[in-house]
Amino acid sequence: MTKAVIDLKNVSLTLGQGASRVHVLKDVSLQVAAGETTGIVGPSGSGKSTLLMVIAGLEGTDSGTVSIAGEQLTGRSEDAVAAFRGLNVGIVFQSFHLIPNMTALENVAVPLELAGRRDAFEVAARELESVGLKDRVTHYPGELSGGEQQRVAIARALAPDPKILIADEPTGNLDQATGRQVADLLFSKASERGMTLVLVTHDPVLANRCSRQIAMRSGRIESGQILAVSA
């Protein structure tokens with residue numbers, strides 16, 4: 001059996017204080033194999049995006065253990081987790097999260113520069129070309145369409161050559177045709193590079209492209225709802 005590149009055991013998380021305190025994740029255990037494509041589905045408020053943020057090390061946990069790419073993140077400092085994430089986990093958000101006063105090239109180079117890469121801009125240029133934006137490297141986010149901005153975000157996520165690519169509603173802000181193109185890009189890049197892809201989506205068409213679906217409800221993975229899906 002392929003070793004799990006994502007391994008969560010009995011993870012629970014509560015957010016908020018007092019009357020607004022919410023038990024967001026409840027004793028969640030999940031293993032995802034290297035190279036697998038996994039879609040996380042479920043109603044709004046079910047804990048999907050929070051689970052994704054825990055996998056990325058962007059959200060801590062109250063209990064349980066989180067191991068990513070063979071390294072246990074539980075108990076590490078925020079700086080140590082951030083450094084690990086920068087090398088091992090690429091993240092694509094629904095709303096792009098590009099820096100508005102930076103060009104496409106500069107946006108993609110940022111994580112590489114933070115990691116101390118001297119070839120940051122060369123790698124960024126290659127990644128932008130690989131997502132079809134060779135002629136848009138000097139454009140600012142405001143000069144790009146939504147689909148182009150998401151391609152820049154994908155190039156940025158891919159630039160450090162991470163083991164895991166996670167995407168939170170990556171087509172949620174795009175029209176159907178553009179969303180399909182972005183989805184094609186995500187799946188093709190994951191396949192080309194042998195990366196593990198985990199995505200949250202409300203789109204059943206996108207979820208059905210994954211090799212497995214995980215259904216969540218009220219902070220839990222629903223019993224019997226880790227499903228193999230035909231390609």
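The values are calculated or read from the model by the stated rules, or taken from the named source; none is laboratory data. In this text, all values refer to a predicted model and were calculated from it rather than measured experimentally. No Cβ is skipped: glycine too gets one built from the backbone with ideal geometry, and neighbour counts run over all protein chains shown. Just so you know, the surface numbers come from the protein's heavy atoms only, side chains and all, with ligands and any DNA or RNA stripped out. Shrake-Rupley method; radii C 1.70, N 1.55, O 1.52, S 1.80 Å.
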*asked:* Taking 0.36 nm per residue of sequence separation and subtracting the Cα-Cα distance, how much length would be gained by fully extending the chain between SER20 and ARG217, in nm to one decimal?
replied: 69.0 nm
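Please report Rg over Rh for segment 1-140, where both radii come from the alpha carbon positions and Rh follows the Kirkwood definition.
Over the Cα atoms of segment 1-140, Rg/Rh equals 1.02.
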*So who's got an amide H within less than 5 Å of the one on SER63, skipping anything under 5 residues away but keeping other chains? H placed 1.01 Å off N, in plane.*
SER12
*How much of the accessible area of the chain, probe 1.4 Å, is carbon plus sulfur, in whole percent?*
49 percent
*Which value at 222 nm does the chain reach when only helices count, each DSSP H run of 4 or more adding -39,500 (n - 2.57), with the total divided by all residues and rounded to the nearest 500 deg cm²/dmol?*
-10000 deg cm²/dmol
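In debye, nearest 20: dipole of the chain around its Cα centre with unit charges on the Cβ of K, R (+) and D, E (-)?
On the way: 22 positive and 25 negative charges, 109 e Å.
Computed charge dipole of the chain: roughly 520 debye.
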*asked:* Between SER29 and SER44, what is 0.36 nm times their sequence separation minus the Cα-Cα distance? Round to one decimal in nm.
replied: 3.4 nm
*Helix 78-88 versus the longest principal axis of the chain: what is the Cα-based angle in degrees, 0 to 90, to the nearest 10?*
60 degrees
*Report ³J(HN,Hα) in whole Hz for each residue of segment 148-155, in order, from the Karplus equation J = 6.51 cos²θ - 1.76 cosθ + 1.60 where θ = phi - 60°; Gly and Pro get x.*
5, 4, 5, 5, 4, 4, 5, 4
*So how do 72-79, 117-124 stack up, highest first, on mean other-Cβ count within 10 Å?*
117-124, 72-79
*Take every DSSP beta bridge whose two residues both sit in the chain, then give the antiparallel share in percent to the nearest 5.*
55 percent
*Given a Förster distance of 22 angstrom, what is the FRET efficiency for HIS202 paired with GLN181, based on the Cβ-Cβ distance and rounded to 0.05?*
0.75
*What's the tally of Lys pairs in the chain whose alpha-carbon atoms lie under 19 angstrom apart, where the two lysines are 8 or more places apart or on different chains?*
6
*asked:* With unit charges on the beta carbons (Lys and Arg positive, Asp and Glu negative) and the dipole taken about the Cα centre of the chain, which residue among ILE55, GLY172, PRO100 sits farthest to the positive side?
replied: ILE55
_Using just the Cα positions, wrap segment 119-231 in a convex hull and report its mean projected area in square nanometres, one decimal place._
8.2 nm²
_Using the Karplus curve 6.51 cos²θ - 1.76 cosθ + 1.60 with θ = phi - 60°, what ³J(HN,Hα) values do you get for each residue of segment 98-108, in whole Hz, with x for Gly and Pro?_
7, 7, x, 9, 10, 5, 4, 4, 5, 4, 6
*Length gain on complete extension for the stretch LYS3 to ASP79, per 0.36 nm per residue less the alpha carbon to alpha carbon distance?*
24.7 nm
*Between helix 176-193 and the chain: long-axis angle, C-alpha atoms, 0 to 90°, nearest 10*: 80 degrees
